[in-house]
Each structure stands twice: as C-alpha cells, then as structure tokens.
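Structure first, commentary second.
The values are calculated or read from the model by the stated rules, or taken from the named source; none is laboratory data. Computed from a prediction, not measured in an experiment: that's the story for all the values here. No Cβ is skipped: glycine too gets one built from the backbone with ideal geometry, and neighbour counts run over all protein chains shown.
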Amino acid sequence: MGISIICAFREGAKQLFRNKGMSLASIFSIVAMMLILGVFFSFIVNLDVAMEAAKQDYDTVQVFLLETTDKEAAARMVKDLNDMDEVIKARYISKEEALIAWKVQWGESGYLLESLEENPLPNAIEIDVATLEGADAVVQKVKTFSGIEDILYYKDTVEKLISITKSVKIATLVMMIFLIAVSVVVVTNTIKLTVNSRGKEIEIMKYVGATNWFIRGPFLLEGIFIGLISALIAFGIVSLIYSKAMGLVGAEILLIVGIPMVPVKYLAFNLAIIFIALGISVGASGSIISMRKYLDT
Amino acid sequence: MIEFENVTKYYKEQVGLENVSVSIKMGDFVFLVGPSGAGKSTFVKLMLKELEADSGVIRFGDMEVGNLSNREIPLLRRGIGIVFQDFRLLPKKTAFENVAFAMEIVRSTKRTIKRQVPQVLDLVGIPDKGDKYPHELSAGEQQRVAVARAIVNNPTVLIADEPTGNLDPDTAWGIMRVLERINNRGTTVIMVTHAKEIVDRMNKRVIAIENGHIIRDDVGSYGYKESQKCVPEEGAFGNYGD
C-alpha cells in the first residue's frame, strides 16, 4: 500500500509536468479565483471585527440628567436600572468624571479643554445592556424617570451596520460559488486532456481488472497538486497584498474608524486553511468529474 | 463454468443477442464464429459486464454477472484475460513492462513480477523480447505480448477477440499454438474469429451466432457458408497498434 501511494504521487507529479501548458492555465484560474476570494475574505474579517467592536461600543445607553436632578435621585435611578434583567451594569458618571475622561481621550490636545470656564458636560448615567434588543426595554424604563435631559443609544445604527455586513457576506458567497464552479470547469478540462491522451491505457487497465480508484489515483493526485500549488501561490500573494495594504492604509483606518485592521498573522492562518481546503477540493472534484466518462463501466 | 441462460440484449433498434442459452465448461476451447454484427461482440461484452443484459442470467463460476455491483466488476475481469485484434499494447512501455503493468494493477509485489513475467513471456514464445518496445516487434510478437499480458494474472478464461485478424497465416498459426498451450494448462479459451481455415483445422467446439441467435453449436468445422456476406470487422486492416 505504501509503495503504491508513493507511486501514485510520482505519477501525478509527472502528469502535471507533461501537461505544463494546461496545468498552468488551471493554476492561473484557481489563483485568480482565490485572489478575489482572499481580498473579500480579508475585507469581511475586518468588517466582522469592526462590527463586534461597534456592537460593544454601542451596546450602552447613555442618559443625560438635568442640572436639577440631584445625586440622590440619580442613585435611585441607577439602583432601579441595575435591578433590570437587561442591564449588565448601570453607573453614575458625574460631570467632573466625564470631563476627565474626555481629556484623556483627547490625549495631547487635552490641554485645550483647560480653557473652558465651566464644565459644559451634564451628569450622566451610563448603562451597559446585555443585548442590543434589551436596549429598547431599558430606554422605555428610563423614559418613566423624571429629571432626564436626553437619552442616547445606537440600536438603529448598529442594526443597519449588521444588515449591511450580512448583504456583503451573501454577495461574496454567491460570487464565490460562481468562481469555484468556473475553476472546477477549468481543472476538469485540463485533466480531461490527460485522461484522453491516456484513454487507451485506462481501457487496458479496466480490462485487466483495475479498480476505479486505482485508475483514478494518479489523475486525482494531479488535480490535488494543481489545487495545492494554486493555494500556495494565492496565499503568498494575498498575504503580501494584505500586509502592504496594512502598512499603507492601516494607520488611516485606525484613525478614521477607530478600530485597527486585523493583523496578518491572524488572517494568514485562516486564509491558508481556506485556500488549501478549497484548492484540494476544486482539484479533486475537477479530476473526478473529468474521469466519469471513462469509469462508467 | 460460463453459462448464458436465455440472455437477451437489444440495442436501440437492433438485436444484439436474443434468448441465447449456452454453457462453456472450464478448460474448454471454443470458437465463436459468425458474420459481423451477428452478436459475437455483444456476447463478449456481456461476459465482461461492459454491457448489461436486458434479460436472462449470465454466470461466471459462482458469480452471477448481472448482479455484480460496479465495485465487483474488477474482480470479474481479473478472472478473464482478454486479447484484441489490434493488440492494444502501451507504446511507451517495453514488452516486459506491458505485461508487468497488468500485474501492478492487481498489486503484485515487485518480486512476483520479476519472477512471473519472464515465465509468461517464455510460455508465449518470446523469452528474449522483454526489453523491446512494441514498435520494435513484429505483429505476431506484439500479439504474443498481448497474450502474455492477458494470462499473467492466471485468469480462468482467456477471451481472444479476432486475435489473428491482423496476422498473416503463418504468424496466425504461431498464435494458435500459443493459445492451445495455454488451454492445455487448464485455461478456458474463447476465441472470436472469422478465420475459417483455423477453425476447420483446430477441430474444436464451434458456436455460430447469427442475428443474435446461436444457429449451431458442435465440434468441428467453421461450417459457415462464404456466400453469405462476410465483411471484415472494422479496423481489420492496417491497424498494427501504435
């Protein structure tokens, strides 16, 4: 068994080189498919991470209190809110604390805030909600309190973002299915050429009583080789593009969106697994399809 | 024992075989004769399960051919060696390699291959041609390689489909002697042929098929009138392998 596997591997590699032209064509088309996939995958992963971060940022409800609301009233509200199931934690933030936090956020430019004559910020209650859906109930509750100036929460925004992400994912999936189908067809045709040129040999093998898998083996490996090589090439290119892109626009994105890009290391591992799995399955299915005609009987 | 029991096979509009019953004992030497399109190839293809019978039962030893799953077909074919009119050798392999190829397929070890191939080449009368490529061999020698390949895995039955069709009479007799030698070792030989002289001189059992029916089954001569149309099978001429 061991010997025959090695033998089959050698045969597969040999075929690949004999068919250089067509093998290259297949490799190109799979690589192209994977590049598109890779770019979208990186995009989606980043989008997902950004979404998660956004959700975390936005699953808080901020309640601004009127000047007239005293500390005791606020403490009662906090207690009431903390009693709710939907609330993870509600806490009172005095205007002084808020200003300090603001200064910290502004970092080096924080000194600008020094010039303020009086603190423009209101006292507030910050409520962490367990789920986005729970936010509605919390808001309803807060509306029953008196002494509220304003309620700020982002349920609509986050929901919109989620639905956009979903559409992008679905669109990518549809495109992927199409691209994978195209690659399978190209690989199928490549291997068909080899199969046809060895039709006589296959026929003899069948007459002598070779099992279908024995006959299929070398062709299957040829397909798998094509897929594997494509996966490695595509992986290299996508990682390179991604790290270049990160160097180029990573800083800007962090500045604008406030969320860093997913590091190459994390992305690369997943990308490698996806590409290798995809390459192998495209190559293998291509070769199995191309041999169907010969292995009917 | 090979047995056909009321076997019928139709092609779209044509009759392949119709209600054919015949049995061939192990160790027999049988000629299958008849005009082109009579049903001889259908007979062979049904035995190899290259075609499926429409009705009837085909038995090969204790296997019922019709009931074999696709996975079992290779096992059936390992029990049957086959030789074609056009040799069908692989042009890029030597005689030795062509024969060894059949053994590799059934996963024989290298040692067995090294031991057995020369024996078989010796049996078919070309012990010294192992390292020659098909194009370096005469037509008769090529057919001997094909015969060696067919029997190297010790099948119980050897089917020879017009094995002498591309050979001149002397060479053809050489092949017949090889087939006879193989038959004497206990292998059943079924030979499909048009060669009247050979059939007449061999004096073996003759099964004559015409229009999908067995019209005669006895020992002796070809007995098939030449006045009836006798067109050589397709590719009978000038197809000396690659």
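Residue under question is A:Gln140, and the condition is that it be surrounded by fewer than 17 Cβ atoms within 10 Å (Cβ to Cβ), polar (S, T, N, Q) and within 32 Å of the chain's Cα centre (by Cα); does it hold? Working first, answer last.
Numbers: surrounded by fewer than 17 Cβ atoms within 10 Å (Cβ to Cβ): yes; polar (S, T, N, Q): yes; within 32 Å of the chain's Cα centre (by Cα): no.
Answer is no for this residue.
Can you tell me which of (1) closer than 22 Å to A:Tyr154 by Cα; (2) at pLDDT 80 or above; (3) exposed (fewer than 14 other Cβ atoms within 10 Å of the Cβ) is the one A:Lys79 doesn't meet?
Unmet condition: (1).
Condition check ((1) away from chain B (no Cβ under 14 Å); (2) not small (Gly, Ala, Ser)) across all residues:
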residue: A:Ile202; (1), (2): no, yes
residue: A:Ala210; (1), (2): no, no
residue: A:Gly217; (1), (2): no, no
residue: A:Gly223; (1), (2): yes, no
residue: A:Ala234; (1), (2): yes, no
residue: A:Ile241; (1), (2): yes, yes
residue: A:Ala245; (1), (2): yes, no
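I'd like to verify a number: residues in the stretch B:41-93 that are over 23 Å from B:Ala160 (Cβ atoms) and small (Gly, Ala, Ser), how many?
Residues meeting the conditions: 4.
For the stretch B:55-110, how many residues are within 17 Å of the chain's Cα centre (by Cα) and more than 11 Å from every other protein chain (Cβ to nearest Cβ)?
Going through the stretch B:55-110 one residue at a time, the tally reaches 2.
Got a number for residues in the stretch A:192-205 being in contact with a helix residue (DSSP H, G or I) (Cβ under 9 Å, 6 or more places away or on another chain) and more than 19 Å from A:Leu221 (Cα to Cα)?
2
State the number of residues belonging to the stretch B:156-196 that are among the aliphatic types (A, V, I, L, M) and not in a strand (DSSP E or B).
Looking only at the stretch B:156-196, we keep the residues that are among the aliphatic types (A, V, I, L, M), and these are B:157-160, B:167, B:172, B:175-176, B:178-179, B:182, B:189-192, B:195.
Subset that is not in a strand (DSSP E or B): B:167, B:172, B:175-176, B:178-179, B:182, B:195.
Within the stretch B:156-196, residues that are among the aliphatic types (A, V, I, L, M) and not in a strand (DSSP E or B) number 8.
So, B:Ala139, is that one away from chain A (no Cβ under 12 Å) and in contact with a Gly (Cβ under 9 Å, 6 or more places away or on another chain) or not?
Numbers: away from chain A (no Cβ under 12 Å): yes; in contact with a Gly (Cβ under 9 Å, 6 or more places away or on another chain): yes.
Against the criterion (away from chain A (no Cβ under 12 Å) and in contact with a Gly (Cβ under 9 Å, 6 or more places away or on another chain)), B:Ala139 qualifies.
Scanning the stretch B:24-47 for residues that are surrounded by fewer than 19 Cβ atoms within 10 Å (Cβ to Cβ) and at pLDDT 90 or above, which turns out nearest to A:Met205 (Cα to Cα)?
B:Lys45
Could you list all residues from the stretch B:86-138 that are polar (S, T, N, Q) and closer than 13 Å to B:Val152 by Cα? Write out each step before concluding.
Taking the stretch B:86-138 first, the residues polar (S, T, N, Q) are B:94, B:98, B:108-109, B:112, B:116, B:119, B:138.
Listed by number, the residues that qualify are B:Asn98, B:Ser108, B:Thr112, B:Gln116, B:Gln119.
Hey, among A:Val187, A:Val174, which residue is modelled with pLDDT under 85 and more than 14 Å from chain B (Cβ to nearest Cβ)? So that I can check it myself, show each step before the final result.
Details: A:Val174 fails: modelled with pLDDT under 85.
Result: A:Val187 is the single residue among A:Val187, A:Val174 that is modelled with pLDDT under 85 and more than 14 Å from chain B (Cβ to nearest Cβ).
So A:Glu118 fits all but one of (1) over 27 Å from A:Asn46 (Cα atoms); (2) outside any loop (DSSP other than H, G, I, E, B); (3) of a type outside the set (Ser, Thr, Tyr); what number is the exception?
It is condition (2) that A:Glu118 fails.
Report the residue count in the stretch B:95-140 for those that are farther than 17 Å from B:Val83 by Cα, in contact with an Asp or Glu (Cβ under 8 Å, 6 or more places away or on another chain) and buried (at least 18 other Cβ atoms within 10 Å of the Cβ).
Number of matching residues: 2.
Any chance the stretch A:135-152 includes a residue that's part of a loop (DSSP other than H, G, I, E, B) and closer than 24 Å to A:Ala53 by Cβ? Talk me through it step by step, then tell me what you get.
From the stretch A:135-152, those part of a loop (DSSP other than H, G, I, E, B) are A:145-147; that's our starting set.
In the following step, the residues that additionally are closer than 24 Å to A:Ala53 by Cβ were identified as none.
The answer is no; no qualifying residue exists.
Considering only residues that are at positive phi and of a type in the set (Gly, Ala, Ser), which ones fall in the stretch B:182-205?
Applying the first criterion (at positive phi) to the stretch B:182-205 yields B:186, B:203.
If the condition is that a residue be at positive phi and of a type in the set (Gly, Ala, Ser), then B:Gly186 is the only one that fits.
Among the numbered criteria (1) in contact with a strand residue (DSSP E or B) (Cβ under 9 Å, 6 or more places away or on another chain); (2) modelled with pLDDT under 85, which single criterion is violated by A:Thr297?
(1)
Conditions tested, residue by residue: (1) touching a helix residue (DSSP H, G or I) at 6+ places or on another chain (Cβ under 8 Å); (2) in the same structural domain as A:Ser183 (by TED's automatic domain parsing).
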| position | (1), (2) |
| --- | --- |
| A:Lys20 | no, yes |
| A:Ala25 | yes, yes |
| A:Leu47 | yes, yes |
| A:Ala73 | no, no |
| A:Glu97 | no, no |
| A:Leu113 | yes, no |
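So that you can scan it fast, the table gives a plain yes or no per residue for (1) part of a helix (DSSP H, G or I); (2) under 21 Å from A:Ser42 (Cβ atoms); (3) touching a residue at least 12 places away in the same chain (Cβ under 8 Å):
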| residue | (1), (2), (3) |
| --- | --- |
| A:Thr188 | yes, no, yes |
| A:Asn196 | yes, no, no |
| A:Ile204 | yes, no, no |
| A:Tyr207 | yes, no, no |
| A:Arg216 | yes, no, yes |
| A:Ile237 | yes, yes, yes |
| A:Leu248 | yes, yes, no |
| A:Glu252 | yes, yes, no |
| A:Ile259 | no, yes, yes |
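Here's the yes/no breakdown for (1) among the aromatic types (Phe, Trp, Tyr); (2) touching a Ser or Thr at 6+ places or on another chain (Cβ under 6 Å); (3) under 22 Å from A:Ile215 (Cβ atoms):
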position: B:Leu76; (1), (2), (3): no, no, yes
position: B:Gly79; (1), (2), (3): no, yes, yes
position: B:Lys93; (1), (2), (3): no, no, yes
position: B:Asp122; (1), (2), (3): no, no, no
position: B:Glu141; (1), (2), (3): no, no, no
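Checking A:Ala101 against (1) of a type in the set (A, V, I, L, M); (2) surrounded by 15 or more Cβ atoms within 10 Å (Cβ to Cβ); (3) touching a strand residue (DSSP E or B) at 6+ places or on another chain (Cβ under 9 Å): exactly one of these is not met. Which one?
Exception for A:Ala101: condition (2).
Would a scan of the stretch B:54-73 turn up a residue that is within 18 Å of B:Gly212 (Cα to Cα) and touching a helix residue (DSSP H, G or I) at 6+ places or on another chain (Cβ under 7 Å)?
Narrowing the stretch B:54-73 to residues within 18 Å of B:Gly212 (Cα to Cα): B:54-58.
Checking which are touching a helix residue (DSSP H, G or I) at 6+ places or on another chain (Cβ under 7 Å) leaves us with B:57-58.
Checking the stretch B:54-73: at least one residue is within 18 Å of B:Gly212 (Cα to Cα) and touching a helix residue (DSSP H, G or I) at 6+ places or on another chain (Cβ under 7 Å).
Quick one: B:Asn166 ticks every box in (1) away from chain A (no Cβ under 13 Å); (2) among the polar types (S, T, N, Q); (3) surrounded by fewer than 21 Cβ atoms within 10 Å (Cβ to Cβ) except a single one, so which number is it?
Single failed check for B:Asn166: (3).
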